[in-house]
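Visitor: Quick one: the structure is below, questions incoming.
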Amino acid sequence: MRPAYGMSVYIHEFSLLWIQVLDTMLRLIVYAIKYHGDASGIDNDQAKVHYLTKILSIFVRVLANMHKEQGVLFQQKQFFRFFSSLISDLHSITAHITVDGWAEVVGYYADGCIKVDVYEIDG
């Protein structure tokens, strides 16, 4: 039995909803990093880099935990979209970060991407 046309449209729209939610969350994270600063105003770049490392740490832990729990059923598409879109969105705020700060951001981003212990993830 085929589902009704309205139901298939609803399912298609729901399957695309996670993309919109993820993109909105990424924009929120990038704006939070863009406007985050040191309370004293002395070292804003370092505060932004520190804030980014905290956010990346959370997502790497969520990724590792979901992979461990779901095993072969693990869906990596949303994490790929998160990490690839994050570097693209971070590039859009380079005017608000110095060259040295941007080098630190890219370094910590790369560190965050490889931080997962290979022994914890099977496959």
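The values are calculated or read from the model by the stated rules, or taken from the named source; none is laboratory data. Only a predicted model underlies this, so the values are computations on that prediction, with no experimental measurement involved. Because the Cβ atoms are built from the backbone with ideal geometry, glycine has one as well, and the counts that use them run over all protein chains shown. Only protein heavy atoms, including side chains, enter the accessible area calculation; ligands, DNA and RNA are left aside. Shrake-Rupley method; radii C 1.70, N 1.55, O 1.52, S 1.80 Å.
Visitor: For Ser84 and Tyr31, compute 0.36 nm times the residue count separating them, minus their Cα-Cα distance, and round to one decimal in nm.
Guide: Fully extending the segment from Ser84 to Tyr31 adds 17.4 nm.
Visitor: Quote to one decimal, in nm, the extra length available between Ile114 and Lys54 on full extension: 0.36 nm per residue of separation minus the C-alpha distance between them.
Guide: Separation in residues times 0.36 nm, less the Cα-Cα distance, equals 20.1 nm.
Visitor: Please arrange Ile97, Ile87, Ile42 by accessible surface area, largest first, computed with a 1.4 Å probe and ligands excluded.
Guide: Ile42, Ile87, Ile97
Visitor: Also, quick follow-up: Need one number: nm distance between label points at Leu17 and Val62, each 7 Å from Cα along Cα→Cβ, rounded to one decimal.
Guide: Reported label-point gap for Leu17 and Val62 is 1.7 nm.
Visitor: Would you please put 70-80, 100-110 in order of how densely packed they are, using the mean number of other Cβ atoms within 10 angstrom per residue and starting with the highest?
Guide: For the peptides 70-80, 100-110, the packing ranking is 100-110, 70-80.
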